[in-house]
Amino acid sequence: QPQPQFRIAFSAQCNSSACDAPSAYYASASLAATLNSAAIGTQFVFDPQMNTALFTPQSRLAEGVSSFSAHATDAFGHGSNQIGTTLTVDTVPPRFGAFSPPSEALVSVSQVTLQGSVSEPGASVILENAQALNPQGPNPQFPQPPAFGFTWGLTLVPGDNPFRISALDRAGNLASQAFNL
C-alpha cells in the first residue's frame, strides 16, 4: 500500500499504572511526528471517540524503505515515549531473467531441464498447469542468492506443452509468464 494510514493510539499512566483520561486531555496534546524526516505531526486528525490520531499521506510513498517516528507532549509538558518503525513500499512485481530453454523452443528430447531466475530475494516461484509434464523439483521454489535461480525437470510429450510460471514477492506482487515447449 503506497499510501498507508498511520494510526496512533493515546493512553495515559497515573502513578505508573494505566488510567482513564478524558478525550479532551489527549486532544490537547502536541504530536510531533516525522515520516522520512519530514514533520507531519500537525497533519494528524484526532478522533475523540477512539482516542486515536490518523494520518494518510496525500501522495504515494516512494518505493523502498520509509521511516516513521512520533511522540506526544501533554499540556503540562509531560512527554510520551518515542515510537518508531520502518515500512517497505513494494508495488513492483518480480522480473524473470532469461529461461533455458526459452518458451516456444523446439526440443528434440523428451527430458528437459527448465532453468530461470527471478529478480527479487524472498520471491516464490511456482510452476502451474504442468502436472502432465511430471515436474521434478519442489513447487514452489524459493530462489536464493547470488543468482536467484530455479530449476525443474520436465518430461515433454509430442506436440505443444503449455504451462505457466509465476513469481510472487513478499508484498504480494505477482508476475506470470506463459510457456510452451
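The values are calculated or read from the model by the stated rules, or taken from the named source; none is laboratory data. Everything quoted here is computed from the prediction, not taken from an experiment. Here Cβ is always computed from backbone atoms with ideal geometry, including for glycine, and neighbour counts include all displayed protein chains. SASA here: full protein model, heavy atoms, side chains in, ligands and nucleic acids out. Shrake-Rupley method; radii C 1.70, N 1.55, O 1.52, S 1.80 Å.
For this structure, a couple of remarks:
- Among residues that are of a type outside the set (A, V, I, L, M, F, W, C) and touching a residue at least 60 places away in the same chain (Cβ under 8 Å), Pro93 is included.
- Within the stretch 153-181, residues that are open to solvent by 20 Å² or more (accessible area, probe 1.4 Å) sit with their Cβ atoms under 6 Å from residues that are among the basic types (Lys, Arg), at 6+ positions apart or across chains, in these pairs: Ser176/Arg164; Ala178/Arg164.
- Each residue in the stretch 36-51 was checked for being open to solvent by 60 Å² or more (accessible area, probe 1.4 Å) and under 25 Å from Val89 (Cβ atoms), and 6 of them qualify.
- Test: residue in the stretch 75-82 that is of a type in the set (A, V, I, L, M, F, W, C) and over 30 Å from Ala12 (Cβ atoms): no
- When the stretch 52-105 is filtered for residues that are open to solvent by 80 Å² or more (accessible area, probe 1.4 Å) and either of a type in the set (Lys, Arg) or under 17 Å from the mean Cα position of the chain (by Cα) (or both), the ones remaining, listed by number, are Arg60, Glu63, Val65, Thr86, Thr88, Arg95.
- Among residues of the stretch 121-146 that are under 16 Å from Ala167 (Cα atoms) and open to solvent by 90 Å² or more (accessible area, probe 1.4 Å), those with a beta-carbon under 7 Å from a residue that is among the aromatic types (Phe, Trp, Tyr) and not in a loop (DSSP other than H, G, I, E, B) at least six positions away or on a different chain give the pairs Asn129/Phe163.
- When the stretch 1-33 is filtered for residues that are out of contact with any helix residue (DSSP H, G or I) (no Cβ under 8 Å at 6 or more places or on another chain), among the polar types (S, T, N, Q) and touching a residue at least 24 places away in the same chain (Cβ under 8 Å), the ones remaining, listed by number, are Gln1, Gln3, Gln5, Ser11, Ser23, Ser28.
- Looking only at residues of the stretch 1-35 that are surrounded by 13 or more Cβ atoms within 10 Å (Cβ to Cβ), part of a strand (DSSP E or B) and not polar (S, T, N, Q), we find that the one that is nearest to the chain's Cα centre (by Cα) is Phe6.
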